[in-house]
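Participant: This is the structure I want to talk about, given as structure tokens.
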Amino acid sequence: MRERLLDATIDCLVEYGYAGTTTTRVAERAGVTRGAQVHHFPTKADLVTAAVRHLASRRADLAFAEMDRLSTSNDPVGDTLDLLWEIHQGPIFAASMELLLAARTDPDLRAQVADVEPQISDLVLQFGRRLFGPSADTTQFRHYAYTAMDTVRGLLVSNWAYPDDTQLEARWQRAKACLRTMAPETLT
């Protein structure tokens with residue numbers, strides 16, 4: 001039942017945005033009673049924060065499933081950047097951004113999202129350690145990883161205003177080329 005509620009929350013965030021995602025709407029979409037929803041997630045902030053954690057787990061699963069392929073790649077930096085780009089496509093990213101944007105004006109949500117963001121960053125660093133070994137245990141790598149994440153997020157958010165997949169792909173290739181030149185030497 002929790003899984004259905006979290007999936008329904010993600011669907012609602014994508015379809016209706018944060019403001020239009022109500023606990024009643026989520027319960028209806030999940031096919032559960034409002035009482036069952038309140039039992040698992042007493043407030044909207046609890047529900048959407050759990051959804052953020054759920055999203056982070058999904059993204060991590062997608063990334064870690066590619067570990068074997070990346071570890072034997074002739075271009076691990078480029079392929080890892082492409083994977084970062086791929087896992088940020090679609091509804092998982094859109095729902096995450098809805099929460100980040102809503103947290104700007106909702107102090108309760110902001111406190112909960114602020115608690116989750118370090119966990120997401122830690123997953124990125126864990127991935128880097130598994131793929132690049134000790135080279136990923138440096139401040140330089142952390143800054144590089146965070147810059148890559150910020151770049152991906154920025155490109156995708158800006159594309160919502162001017163949706164053009166051809167332009168978006170060209171912008172990604174340009175950004176990826178810049179990110180490659182910034183990669184710590186120990187990774188290349």
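The values are calculated or read from the model by the stated rules, or taken from the named source; none is laboratory data. As the structure is a computational prediction, the values presented were derived from the model and not from experiment. Cβ coordinates were reconstructed from backbone atoms using ideal geometry, including for glycine residues, and neighbour counts include every protein chain displayed. The protein model used for the area step is the full one, side chains on, heavy atoms only, and it has no ligands, DNA or RNA in it. Shrake-Rupley method; radii C 1.70, N 1.55, O 1.52, S 1.80 Å.
Participant: Please report the base-10 log of the normalised intensity I(q)/I(0) for segment 27-139, using a Debye sum with one equal scatterer per alpha carbon and no solvent, at each q in 0.11, 0.16, 0.17, 0.18 (1/Å).
Facilitator: -0.46, -0.83, -0.90, -0.96
Participant: With point charges of +1 on the Cβ of Lys and Arg and -1 on the Cβ of Asp and Glu, referenced to the Cα centre of segment 40-154, which listed residue (LEU84, ALA145, PHE41) lies farthest in the positive direction of the dipole?
Facilitator: Projecting each Cα onto the dipole axis, the largest value belongs to PHE41.
Participant: Output ³J(HN,Hα) for segment 43-56: one whole-Hz value per residue in order, computed from phi by the Karplus curve 6.51 cos²θ - 1.76 cosθ + 1.60 with θ = phi - 60°, and x for Gly and Pro.
Facilitator: Taking θ as phi minus 60°, the curve returns 10, 4, 4, 4, 5, 6, 5, 4, 5, 4, 4, 4, 4, 4 Hz for segment 43-56.
Participant: Sticking with this structure for a sec: For segment 116-188, state the average projected area of the convex hull of the C-alpha atoms over all orientations, rounded to one decimal in nm².
Facilitator: Answer in nm², one decimal: 5.4.
Participant: Can you run phi through the Karplus equation (6.51, -1.76, 1.60; θ = phi - 60°) for segment 71-77 and list ³J(HN,Hα) in whole Hz, with x for Gly and Pro?
Facilitator: 5, 10, 6, 6, 9, x, 5
Participant: Roll a 1.4 angstrom probe over the protein heavy atoms and tell me the percent of accessible area of the chain that is carbon or sulfur. Mind showing how you got there, number by number?
Facilitator: On the way: 5210 of 9820 Å².
Roughly 53 percent, rounded to a whole number.
Participant: When the helix-only estimate is applied to the chain (DSSP H runs of n ≥ 4, each -39,500 (n - 2.57), divided by the residue count), what is the mean residue ellipticity at 222 nm, nearest 500 deg cm²/dmol?
Facilitator: Counting only the DSSP helices, I get -26500 deg cm²/dmol.
Participant: For segment 172-183, just list the computed ³J(HN,Hα) in residue order, Karplus coefficients 6.51, -1.76 and 1.60, θ = phi - 60°, integers in Hz, with x standing in for Gly and Pro.
Facilitator: 5, 4, 5, 5, 4, 4, 5, 4, 4, 5, 8, 4
Participant: Go through PRO163, PRO107, VAL32 and say which Cα lies farthest out towards the positive end of the charge dipole of the chain; charges sit on Cβ, +1 for Lys and Arg, -1 for Asp and Glu.
Facilitator: My answer, from the dipole projection, is PRO107.
Participant: Still on this structure, I have one more. Taking the Cα centre of the chain as origin and charging only Cβ (+1 Lys, Arg; -1 Asp, Glu), how large is the dipole, in debye to the nearest 20?
Facilitator: Dipole of the chain, to the nearest 20 debye: 300 debye.
Participant: Based on Cβ point charges of +1 for Lys and Arg and -1 for Asp and Glu, what charge dipole magnitude is obtained for segment 79-170 about its Cα centre, in debye rounded to the nearest 20?
Facilitator: 300
Participant: Amide H of VAL32: which non-local residues (sequence gap of 5 or more, or other chain) have their own amide H closer than 5 Å, using H built in the peptide plane?
Facilitator: HN-HN under 5 Å from VAL32: empty list.
Participant: Show me the ranking of peptides 44-53, 145-154 by mean Cβ neighbours inside 10 Å, starting with the highest.
Facilitator: Result, highest mean first: 44-53, 145-154.
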